[in-house]
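For reference, the structure is listed below as structure tokens.
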Amino acid sequence: MALKFHNTLTRSLVPFTPLTAGKVHLYTCGPTVYNRVHIGNLRTFVWEDVLCRALRYLGFETVQVMNLTDIDDKTIRGAIQEGITLKEFTARHVETFFEDLATLNVSPAAHYPRATDHIPEMVEIVKKLTERGHTYESDGSIWFRIASFPSYGKLARVDLSSMQRGARVADDEYEKEDVRDFAVWKGWKEGEPESATWTTELGKGRPGWHLECSAMSMKYLGETLDIHTGAVDNIFPHHENEIAQSEGATGKEFVRYWLHAEHLIVDGEKMAKSKGNFFTVPDLLSRGHSPRAIRYLFLSVPYRQKLNFTFESLAAAASAVARLESLDLRLGERARSTGASAIEDGVEAKISSFQNEFREGLEDDLNTAAALGALFSFVREANADLESGQLSPAGAAAFQRALRGADSVLGVLPKAEAGLLDSEIQAKIDLRQAARKRRDFAAADAIRDELAALGITLEDTPAGVRWRRKS
Ligand code: AMP
Ligand code: ZN
């Protein structure tokens, strides 16, 4: 099978080929930096990370750009409320955003452009749109006239007959199905702070939210992108408007494959700040959950299905991660032991059949549930071979390489070379205790040695295991 994606534009599964052979240019809408992101937002960001990792696993080079929306209605409101500049206000939220990405082991994108650093590029797009007759001025702002763009609505399949001619909407986010002309440049209004205002050829004001993504995506990735992603709520109006602006300005196809992830929900409702039904990463860590379990939970449901968040499913994710980690440790230990150096018959066949199935899962519109299914069949086989006592060190090393190869996409195993988080250390101590309980002292010692190599020493006390980092 070859790689296929569900393209929102055609509502169908289509074979994927990038414009430049072997290299994928993708734009992934980033956060509005006005508060700490919640795990709903992070489901989308982790999926985008896994998409990039899977593309690399399948042999493509990737260039991922994720913007930071640091100017819009919400960030301005926040800065005014706190009496600080827009930059001071957004800087805090940019910092916690990167903290959460690192905690969830998200590989960095090639660029994280901020809207406020790209005002000249946005002005250029508005000028081009004006030259081509797509804009008009009114109330001191510049509007995109959607009647000037006949294919408006092609992504979201909205009903243009519901459009009120000349009706406008100034808010960055408006109701679904409410088809109206939108502001590409918002004229300055009384009360808007200096720190959120630019004086440009278009007058004094600020860009509209949708314009930001058109400008930053095309600047870093060219006028035609291979893939553009977001969650389903971005389809309309945000992505529809990005298409109108970008194609209106260049006359070229803007995006070849549109991919949209379904929401993370709680009790049947979308997790959202406005509903108050959200958890952040620190919320979950403070309750003792591990970042790698959160990440695994996200991957356990394919991206086009809603993910219903529950603590039971998070606990199940944690035990799945523990099984992978325990296998990795035991394979490592067997690989380091002495014994026959040749890989025995059967090991390579098991590995290649696992790798084929794993790859096919990814190629099927990034079906991570199928890929994990393949992985766990492999885990059962590898465990059985280990327990038979017949697995050679070379065979164990080959199994471990296959496991780690799959983890280059999943990102749920601990990175041996990196510093561990407290919760990860605790998870290892728990694994060690479990190994001791089943009298697997070799596995328990291997965990102690692994931690020691990372500068973490354990002390067994009557009150349980204590640990400390070497200063
Ligand atoms: P925002 O900061 O509101 O622009 O959202 C950042 C990203 O998170 C966007 O791609 C949203 O579509 C996405 N998002 C928001 N809520 C959820 C949710 N409950 N589940 C999944 N993605 C979400
Ligand atoms: Zn965007």
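Semi-axis lengths, largest first, of the ellipsoid equivalent to segment 4-261 are 28, 24, 16 Å, with √(5λ) applied to each eigenvalue of the Cα gyration tensor.
Using all pairs of distinct alpha-carbon atoms, the Kirkwood hydrodynamic radius of segment 281-414 works out to 15.7 angstrom.
For the chain, a simple Cβ point-charge model (Lys and Arg +1, Asp and Glu -1, everything else neutral) yields a dipole of about 700 debye relative to the Cα centre.
Mind jotting down the distance between the C-alpha centroids of segment 62-84 and segment 334-384, whole Å? Cα centres, segment 334-384 to segment 62-84: 44 Å. Remark: spin-label model distance H111-T197 equals 3.0 nm, labels positioned 7 Å along the Cα→Cβ axis.
Based on every Cα atom in the chain, Rg and the maximum pairwise Cα distance Dmax equal 25.2, 81 Å. Computed over the chain, the per-residue total of -39500 (n - 2.57) for DSSP H runs of n ≥ 4 gives a 222 nm mean residue ellipticity of -14500 deg cm²/dmol, rounded to 500. Along the charge dipole of segment 281-414, which of P393, P291, L403 sits closest to the positive end, that is, farthest toward it, with unit charges on the beta carbon of Lys, Arg, Asp and Glu (+1, +1, -1, -1)? Positive-end residue among those listed: P291. Counting protein heavy atoms only, segment 281-414 has 48 percent of its accessible area on carbon and sulfur, 1.4 angstrom probe.
Using a probe radius of 1.4 angstrom, the carbon and sulfur fraction of the accessible surface of segment 1-99 is 55%. Averaged per residue, segment 422-469 has 59 square angstrom of accessible surface, using a 1.4 angstrom probe with ligands and nucleic acids left out. Note on D449/E348: beta-carbon distance plugged into 1/(1 + (r/R0)^6) with R0 of 30 Å gives a FRET efficiency of 0.55. On segment 123-207, 46 percent of the accessible area sits on carbon and sulfur atoms, based on a 1.4 Å probe.
Think of the chain as a dipole: +1 on every Lys or Arg Cβ, -1 on every Asp or Glu Cβ, centred on the Cα centre; then among A318, H6, S195, A318 lies furthest on the positive end. Can you find, among T17, M122, I84, the residue sitting farthest towards the positive end of the charge dipole of segment 1-127, where Lys and Arg contribute +1 and Asp and Glu -1 at Cβ? The residue sitting most towards the positive pole is T17. Entry comment: accessible area of segment 4-261 is 38 Å² per residue, from protein heavy atoms only and a probe of 1.4 Å. Computed from the Kirkwood radius of its Cα pairs, the Stokes-Einstein diffusion coefficient for segment 422-469 at 4 °C and 1.567 mPa s stands at 122 µm²/s.
Compute the accessible area per residue over segment 281-414, keeping the other protein chains in place, probe 1.4 Å, unit Å².
Spelled out: the 1.4 Å probe surface of segment 281-414, per residue, equals 41 Å².
The values are calculated or read from the model by the stated rules, or taken from the named source; none is laboratory data. Please read these numbers as outputs of a predicted model, since none were measured by experiment. All Cβ positions, glycine included, derive from the backbone under ideal geometry; neighbour counts span all protein chains shown. When the accessible area is computed, the model is the full protein with side chains, heavy atoms only, and any ligands, DNA or RNA have been set aside. Shrake-Rupley method; radii C 1.70, N 1.55, O 1.52, S 1.80 Å.
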